[in-house]
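Colleague: Before we start, here is the structure in question, set down as structure tokens.
The values are calculated or read from the model by the stated rules, or taken from the named source; none is laboratory data. Note that the structure is a prediction, hence the values are computed from the model and not measured. Glycine also receives a Cβ, built like all others from the backbone with ideal geometry; neighbour counts cover every protein chain displayed.
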Amino acid sequence: MNNMENKNSFDDEALSRLLKGMKREKTPENFEFNLMTRIQNRNFGDLEKDKKTNFLWIFLPSASIVTAAFIVLIVLFNGVGNNNLISPPQVIKHKTPKTYVVVKDKPDAQRNTLEMYKIFRTQNDVVINKKVKLPINEGKSLQVDKYLNSSNIHNSTNSATLVSDELTPFNFDGFIPYTEVKTKNNTEKDSVLNNKDEK
Amino acid sequence: MEIIGKKNLNRDFKSWTDEELIKEFQDNNTLAAYETLVKRYKDSLMNFVYRFVGDREAAIDIVQDTMVKFYLKKDSYQTIAKFSTWLYTIAANLAKNEIKRRKRRSFISLNQTNEDGPNVQVSDSKVVDPVRSAHNSLMDEDIQKALLKVKPVYREMVILRDIEGFSYEEIAEMKNMSLGTVKSRINRGRNQLKKLLLKYYE
């Protein structure tokens, strides 16, 4: 390399000469023997198999989109009704009991005695009224509407059991929804109507 | 077919052209023609694959696989193409697969040797005549390291052009690319190499 070969004159030709000047790698001596042995033994491994191009991957994105769209459609058109968080509660007719509980309030008694009747509705819509025993301890029960209206807040001694500490067992049987039946001195009112009347 | 085979046993395949040999192998399944082609190309393929992959053992395996594929797929060669370009295409594809496999397994890291900056660490920075000293094994090692840092798409082109001596047209045919793309890629590969080998000329 003469003086012309400096940094600036490091042209393609010089690079090419540099690369060509590299020592050439050779196969080992037993290369052909190994190759022919491999061919005779037909030890071709995967090379013999034709590489089949799998085009299924092309459909993968579209399949994903279709699946996503399908899920969205299901959620939009079917899922809303079943989602209790975003839809109002709906009456499921086939699950509506044919038995109703009615509690009669006896105003003439010293205490408000609760009587529970079961009203059976038969297939022909014939209503049968039958008195049944209350499934709860009557003495420990109170009518929430009346309790909230403070009509019997003082004479109920069991209200405290609804709020108990850790030591006292919590005797809460749950709520029994009932329909108040009209009697002579008692009209069917709910708590809201009662409040309005009072006003 | 047997008669032709016996006839060909007496022939001197060394004087045959590549295309004549592959035709003989295709038509008569003459193993001697195949062996002649193997002998003719094994070392040049070895050099090409080694420079491309940078691992001697892997290069030997790739060249052997190339020859096996040549044996198995001899009928896929068509006389319209030059035999050498066809064979180099097989080797290049296998070598590229090997590089991809290695990349996936993180066997090699092309950036590993690039911690000291863009230039290759040269063992003897006072080399004055790089071309004459190219035979120097240390320099070979450095050039090889630099080659491996060049992007594989450019590296392949530079090796085919500057080391194996293929023409632009042959490379274009081999890679099924336009002449412009080939020239552009070779140019980019060379520029990358020049930057990496700059220390030789300081």
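Colleague: List the helices (runs of 4 or more DSSP H) that sit entirely inside segment B:18-78 and contain at least 2 residues that are within 19 Å of the chain's Cα centre (by Cα).
Modeller: In segment B:18-78, the matching helices (runs of 4 or more DSSP H) lie at B:31-53, B:56-72.
Colleague: Given the conditions (1) modelled with pLDDT under 70; (2) assigned to a strand (DSSP E or B), which single one is not true for A:Ile128?
Modeller: Failed condition: (1).
Colleague: Would you check which residues across segment B:144-174 are within 18 Å of B:Val53 (Cα to Cα), buried (at least 16 other Cβ atoms within 10 Å of the Cβ) and more than 9 Å from every other protein chain (Cβ to nearest Cβ) and list them?
Modeller: B:Lys145, B:Ala146, B:Leu148, B:Lys149, B:Val150, B:Pro152, B:Tyr154, B:Arg155, B:Glu156, B:Met157, B:Leu160, B:Glu164
Colleague: Find the helices (runs of 4 or more DSSP H) located wholly in segment B:150-202 whose residues include 1 or more that are modelled with pLDDT under 90 and on the phi > 0 side of the Ramachandran plot, and list them. It would help to see each step written out before you state the result.
Modeller: Values: elements: B:152-158, B:168-175, B:179-196.
Where helices (runs of 4 or more DSSP H) fall fully within segment B:150-202, none carries at least 1 residues being modelled with pLDDT under 90 and on the phi > 0 side of the Ramachandran plot.
Colleague: Can you name the residue in segment A:19-33 that is surrounded by fewer than 16 Cβ atoms within 10 Å (Cβ to Cβ) and assigned to a helix (DSSP H, G or I) and, of all such residues, is nearest to the chain's Cα centre (by Cα)?
Modeller: The selected residue is A:Phe33.
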